[in-house]
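Written below as structure tokens is the structure these notes are about.
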Amino acid sequence: MSGLHLNNVSHAFNSGNPVLNGVSVFVAPGELVCLLGPSGCGKTTLLRVAAGLEHLQVGQVTIGERVVAEGRHGKHIPTEKRGIGLMFQDYALFPHLNVLENVTFGLPENAADRRQWALSALSRMGLADYAASYPHILSGGQQQRVALLRALAPEPRVLLLDEPFSGLDVTRRVDIRAETLGLLKETDVATLMVTHDPEEAMFMADRILVMDEGRVIQDGTPVETYFEPLTAFVAALFGPVNRLQGMVRDGHVATILGDFGAQHLEDGAPVEILIRHEGLRLSATGQGAEIQPGEIPCKPAPVDNENSAGACGRMLSARPLGRSSHVELVLTAEDGTEIILEARIPGVFLPQPGAEVLVTANPRQTHVFLAS
Amino acid sequence: MATTTMDKANSLMRAFRRLGFDGWAIGAVAVAALVATPLIAVVIIAVAPSGDIWSHLSSTVLPLYIEKTLFLLLGVGVGTFVIGTGTAWLVTMCRFPGRWFFNWALLLPLAVPAYVLAFVVTDQLEYAGTLQVWLREIFGWKNRQDYWFPEIRSLGGAIAVMTLVLYPYVYLLSRAAFLEQSVCVLEVSRTLGKGPWRGFFSVALPLARPAIVVGVTLALMEALNDFGTVEFFAVPTFTAGIYDVWLNMNSVAGAAQMASVMMVLVLALIGTERFARRGQRYHHTSSKYSTLPSHRLESWTAAFAFVACLLPVLLGFALPAGVLTAYALEFYSDTLSAKFFTYAANSLSLSAIAAGLAVLIGLFLAYGSRLGGGPVVKAATRFASIGYAVPGAILAIGVMIPLARLDNALDGLSQQVLGIPTGLLLSGTIVAVVYGYVARFLALSYGTLEASLDKITPSMDGAARTLGCTPGQALRRVHFPLVRGSLLTAALLVFVDCMKELPLTIILRPFNYETLATFVFQYASDELLEESALGALTIVAAGILPVILLSLTIVRSRPGHPAGGMAADTGPEVAVP
């Protein structure tokens, strides 16, 4: 088995609280796997364990065919002998070396071809003019590229990236992440990347591993993870959600917005229904603020694959965000309680407050979980 | 058979590793243990029973030593506090003529060893000195009975002399603390109706308290360490007593007993200092700084401030430097004929060797504990760098006793095996002196290098390691080039302190071996200050080097811009872990 294999890794710091709890990760050559999770979930520790910067306590780490660390037997191949590249969040460029010296730092004296590669890679990245410059005069994006090239120069079998884009401003981030992905896909390196940004993970990853409190909660492709979250935590990680309460009846759960499938749950189980902000669809009924709300009920829509039965709501507020609009509306349940929902609608959608709208939910973006 | 031994060795290594050990860590602990041996030796000797000496000491001289030492510490503590914080407040918060000059000039007395000032002051103020001769001429007094003049060679004189050369510790730290204080806090106190003076006492001083306490304890550690002044002034303090008991009464055990009592005082000082340092961290509260408001002082208040700042510089530096220069110019041929160059060469080579070793060991320990050796390594390094607080006389005993034992053992072994006695290989040679220097001043190099390494982010280490460097290669290729400047600073600090060092040198030096410090002490004690002036001046000149370093950082840091100055200000001289 080649690539990077972390098997059943557990880790605790001096305080005694486990940071990692039986985590297993496999990254195949040429594959990019993202560890996604909130800060403090143990993802950076996992990276450091893989690199050997942190001594493995329990489990096993394999790189290529070689076991590099074993918790039980105390085996520990030092970092420098593991053939890995690690790119740090702060890039950690050596301030006393120029750009070219930084990139070639990890190369043996006689690696003429790799030195050639370094030069051509620098010029491809638009850094040829900076080869003799020192890191402190580079912009954040340029430093990021130098750090990436430095990590790739010795042709590691495994590349570890610790929040590689968090130091960049939002506009540069999108370009640089595409550029980085292009560069990585040209190599056969097994890449394990840590991030707390779900959009970044979706963009970069072949597979996403969602971590929380030292455990891997879900392992899947970006599409699987987004559309089939295994827990409410995973669902909420990929963006804001509306939360409704309900009860399972005959494999379904009835809500104010219609019925949703809950075949996997027991009858009578109390559940929580999570609907993504972007999973709500609104259509104006043509009834304006001047008409008393509720006086003319809006027509229920036909149920299909993309729409639940829906309900009538009243606009509370609508704000333009540019590419989309953020909408807040209120629904009145049969028992008179008011439910406030938030939605994100593509384009400009700005009805007056008080206007009536028909609200439906996309079942693919609606997730039912056992109430905790 | 072989495999089981291998297995045993392997499992032993693993057990070590589980404790956070590897090659570097083992090395670090070994070196730390070597440096800490003198301290451990003193403790062991002190704890070991040796009944009758003890009762003899406590019934005769001990109460006197305790009393005089405590009075000395009290006097120096109050004196350095008043002068140090007072002048620091004036130069940071007030505007008056000469403020920028005093800003750095107030550090100059740091270059003058207390014993040198003691000799100069005595020379000038005693009965035959310039001042009294002058007074007699003016008032027509004939002899001692005609007028009263304070006795210079007394406890009071020792307090005055030490205060004048040690207040810069308090000045340096409290000045940095005042600069660091947010203006807002001071302005709030003004808006709440407190005048500048009440603002000083109710806001600025309490906020700076941890820094001031650190400064005062450092000054007290130096006062406790002083040997030359108290010996010359015949003030029976502990340090003078240890020297006396050991060399004059020829009782090593007695000296060790005294050292152990003195260690209680030392530990109290270390505890106070550590406690105050911990408090210091909480004082980086507000990040809002602007140019500090400086009150412009008018006419007589400005004159008062000017004089208040001028006097310490004048008495602590200008007077000794001036008098010594005058004597040196007049009597240099006498000094040169007294083998000045031999003594200077001895001082230079001893100090250079000690500085080189201290920097090497300091770097090794700082890097070793950076590699994350776990609590054992950290504790060992901390203990090893405690020598700065232990008076030279105590350390000397701690160096002498283990080395003498080792010498005896080597001699015995050599006689047994080769039939040739080796004599004293280590004790009574310059090895002992260098050992003592390194044990005492390691904290300076370690502290400086640790602070410098701390500025390198840990991800630099990680980057170097993932790019194929072993810890040693990372040290050579990454850390070494990055801390090169600090290596020089550290070496300079240790070098200068070794040049000035007296009690350790005088006890541990080989027979008839003189350094500049011992030469000056010997000659000046025999009222031959003029002949030794050139030597004393050389020591002062060397002492000015670190003062220049500190002054530069002070000049570079302007009030209200503590970011540039704070780290460097509290910097090298007091960079103790």
Open item on the list: What whole-number distance in Å separates the alpha-carbon centres of segment B:234-265 and segment A:201-245?
Closed with: 73 Å
Open item on the list: Explain nothing, just the number: relative contact order of segment A:106-177, from Cα pairs under 8 Å at least 6 residues apart, as a whole percent.
Closed with: 33 percent
TODO: State the answer as a single residue: which of A:69, A:111, A:79 lies farthest towards the positive end of the charge dipole of segment A:58-117, with beta carbon charges of +1 for Lys and Arg and -1 for Asp and Glu, about the Cα centre.
DONE: A:69
TODO: Could you order B:461, A:129 by accessible surface area, starting with the largest, using a probe radius of 1.4 Å?
DONE: A:129, B:461
Task: Heavy atoms of residue B:376 accessible to a 1.4 Å probe, total area in Å² rounded to 10 - done: 70 Å²
Open item on the list: Of B:480, B:506, B:490, which is farthest towards the positive pole of segment B:459-506's charge dipole, taken about the Cα centre with +1 and -1 on the beta-carbons of Lys, Arg and Asp, Glu respectively?
Closed with: B:480
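Considering every residue in A:81-93, what mean count of other chain Cβ atoms within 10 Å of its Cβ is obtained?
Working: counts 3, 3, 2, 4, 3, 6, 3, 7, 1, 5, 3, 11, 3.
Partner-chain Cβ atoms within 10 Å, mean over residues of A:81-93: 4.
Please state the charge dipole magnitude for segment A:153-202, taken about the Cα centre, from unit charges on C-beta atoms (+1 on K and R, -1 on D and E), reported in debye and rounded to the nearest 20. Could the numbers behind the result be given before it?
Details: 5 positive and 11 negative charges, 14 e Å.
It comes to approximately 60 debye.
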Task: Size of charge dipole - the protein assembly as shown - debye, nearest 20, with Cβ of Lys, Arg +1 and Asp, Glu -1, no other charges - done: 940 debye
Task: Relative contact order, percent, chain A [alpha-carbon distance under 8 Å, six or more residues apart] - done: 15 percent
- [ ] Can you tell me the 0 to 90 degree angle between the C-alpha axis of helix A:140-152 and the longest principal axis of chain A, rounded to 10?
- [x] 60 degrees
Task: Max mean-square fluctuation residue, GNM over chain A, Cα-Cα springs under 10 Å, options A:261, A:347, A:30 - done: A:347
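Using a probe radius of 1.4 Å on protein heavy atoms only, what is the accessible area buried between chains A and B, both sides summed, to the nearest 100 Å²? Mind showing how you got there, number by number?
Numbers: alone 18090 and 25780 Å², together 42090 Å².
The contact between B and A buries close to 1800 Å².
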TODO: Mind grabbing the base-10 log of I(q)/I(0) for segment B:293-347 at q = 0.32 Å⁻¹? Debye formula, identical points on the C-alpha positions, no solvent, two decimal places.
DONE: -1.08
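Please compute, for peptide B:453-464, the average count of beta-carbon atoms on other protein chains lying within 10 Å of each residue's beta-carbon.
Working: counts 0, 0, 0, 3, 4, 4, 11, 6, 3, 10, 15, 6.
Taking the mean over all residues of the peptide, I get 5.
Just checking the output field for B:465-478: average partner chain Cβ neighbours within 10 Å of each residue's Cβ? Can you show the working numbers first?
On the way: counts 10, 21, 16, 12, 4, 4, 3, 0, 1, 2, 0, 0, 4, 6.
Across B:465-478, the average partner-chain Cβ count within 10 Å equals 6.
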- [ ] Sort out for me the Cα centre separation of segment A:356-371 from segment B:74-126, rounded to whole Å.
- [x] 77 Å
TODO: Please name which of A:354, B:207, A:151 has its Cα lying farthest along the dipole of the protein assembly as shown towards the positive end, using unit charges on Cβ (Lys, Arg +1; Asp, Glu -1) and the Cα centre as origin.
DONE: B:207
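Is segment B:295-414 best put as rounded, prolate or oblate by its Cα gyration tensor, with a ≥ b ≥ c the root eigenvalues, rounded for a/c under 1.5, and otherwise prolate when a/b is larger than b/c, oblate when not?
On the way: a/c = 3.01, a/b = 1.44, b/c = 2.09.
Judged from the Cα gyration tensor, segment B:295-414 comes out oblate (a/c at least 1.5, b/c at or above a/b).
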Task: Carbon/sulfur fraction of accessible area - the protein assembly as shown, other protein chains in place, 1.4 Å, % - done: 61 percent
TODO: Express in whole angstrom the spacing between the alpha-carbon centres of segment B:488-523 and segment A:110-134.
DONE: 54 Å
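Does segment B:406-525 come out rounded, prolate or oblate, given a ≥ b ≥ c as the square roots of the eigenvalues of its C-alpha gyration tensor, rounded meaning a/c under 1.5 and, failing that, prolate meaning a/b above b/c? Can you show the working numbers first?
Working: a/c = 4.43, a/b = 1.58, b/c = 2.81.
In terms of gyration-tensor shape, oblate.
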Task: Probe 1.4 Å - accessible area at residue A:327, Å² to nearest ten - done: 0 Å²
Open item on the list: I'd like the orientation of helix A:112-124 relative to chain A: the angle between its Cα long axis and the longest Cα principal axis, in ° from 0 to 90, rounded to 10.
Closed with: 40 degrees
TODO: Might you work out the accessible area of residue A:41 for me, using a 1.4 Å probe with all protein chains in place, and round it to the nearest 10 Å²?
DONE: 0 Å²
- [ ] Rounding to the nearest 20 debye, state how big the charge dipole of chain A is about its Cα centre with +1 on each Lys and Arg Cβ and -1 on each Asp and Glu Cβ.
- [x] 1040 debye
Task: Quotient of C-alpha Rg and 2.2 N^0.38 Å, computed over segment A:1-133 - done: 1.24
TODO: Count neighbours as other Cβ atoms within 10 Å of each site's Cβ, and list the GluC sites (Glu not before Pro) in segment A:190-274 that are DSSP loop with at most 14 such neighbours.
DONE: A:266
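Suppose we keep just the DSSP beta bridges with both residues in the protein assembly as shown; what percent of those would be antiparallel, to 5?
On the way: 64 of 84 bridges.
Approximately 75 percent, going by the DSSP bridge assignments.
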Task: Relative contact order computed over segment B:411-509 (Cα-Cα under 8 Å; 6+ residues apart), in percent - done: 42 percent
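With a 1.4 Å probe and all protein chains kept in place, how do A:81, A:75 rank by accessible area, largest first?
So the residues, ranked largest to smallest area, are A:81, A:75.
Normalized C-alpha radius of gyration of the protein assembly as shown, against 2.2 N^0.38 Å? Display every interim value, and only then the final one.
Numbers: Rg = 37.1 Å, N = 949, 2.2 N^0.38 = 29.8 Å.
Normalised Rg, Cα atoms only: 1.25.
The values are calculated or read from the model by the stated rules, or taken from the named source; none is laboratory data. Quantities reported herein were computed from a predicted structural model and do not represent experimental measurements. Reconstructed Cβ throughout: ideal geometry from the backbone, glycine too, with neighbour counts over all protein chains shown. Quick note on the areas: whole protein, heavy atoms, side chains included, nothing else; ligands and nucleic acids left out. Shrake-Rupley method; radii C 1.70, N 1.55, O 1.52, S 1.80 Å.
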